[in-house]
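Please read the structure below before turning to the comments.
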Amino acid sequence: MAKDEKGKLVSSVIIRELTPELLEDYLSFFDKDAFMDNPEWAGCYCMYYHFLGTYKEWEARSPSENRAAVSELILRGKAHGLLAYIDEKLVGWCHAAPRTALPKLDTLQGLGVDDAEQVGSIVCFVVAAPFRRRGIAHRLLEAACDMFIRWGLSIAEAYPHKKAKTDAENWRGPLSLYLSAGFKPFRELNNRIIVRKRLRE
């Protein structure tokens, strides 16, 4: 059971892996609920880590371009992640995938390269504002690690911001979330920390 901000139990959170059958749920969440308090980010559709162009080219893309591109990836089974539902309402998303499936990560300095094929990367969390601080991100993180194990991956890896002060700045997931789930610092970069959790030997 998830808890609200006062620690009271609320309806059970159901976690579902993203599939083509859940495309409309995914799009509706990003169209309406995901960024109600942060509308300037609403056009991403979690396409950023699939995009190989420059940051200037990314900034020039329209929301409709990202929506169409991620829809195609989902329908082809090339986009991965987890969806959190409460009472059949989609309230949260975690972008989690094999590191090799997220080409934008190749531009991040400081990543280990020798074991890339064994790494599952967690790059984004979005929880709708009315449902935050209920343990939903923690449930999504647990489910991401379980999914990586099913896929035969050995390491879960994430990239939290060092000094995030707002929910928006914590879109990679707060460092405290990862540390509480057994992740350990792996390498420090200029503005973020790479954290890892060994899933199996």
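The values are calculated or read from the model by the stated rules, or taken from the named source; none is laboratory data. Values in this document were obtained by computation on a predicted structure and should not be read as measured data. Here the Cβ is made from the backbone with ideal geometry for all residues, glycine too, and neighbour counts use every protein chain on show. Each accessible area value is taken on the protein alone, full model and side chains, heavy atoms only, with ligands, DNA and RNA left out. Shrake-Rupley method; radii C 1.70, N 1.55, O 1.52, S 1.80 Å.
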Check your understanding: Name the residues in region 1-42 that are under 26 Å from Ser62 (Cβ atoms), in contact with a helix residue (DSSP H, G or I) (Cβ under 6 Å, 6 or more places away or on another chain) and either at pLDDT 90 or above or not aromatic (Phe, Trp, Tyr) (or both), would you?
Key -> Pro20, Leu23, Met36, Asp37, Asn38
Check your understanding: Which is over 25 Å from Pro39 (Cβ atoms), open to solvent by 20 Å² or more (accessible area, probe 1.4 Å) and not small (Gly, Ala, Ser), of Asp106, Asp167?
Key -> Asp106
Exercise for review: Just one of (1) part of a strand (DSSP E or B); (2) at pLDDT 90 or above trips up Arg187, so point out which.
Suggested key: (2)
Review point. Any chance region 69-83 includes a residue that's more than 22 Å from Arg16 (Cα to Cα) and free of Cβ contacts under 8 Å to residues at least 60 places away in the same chain?
Key: no
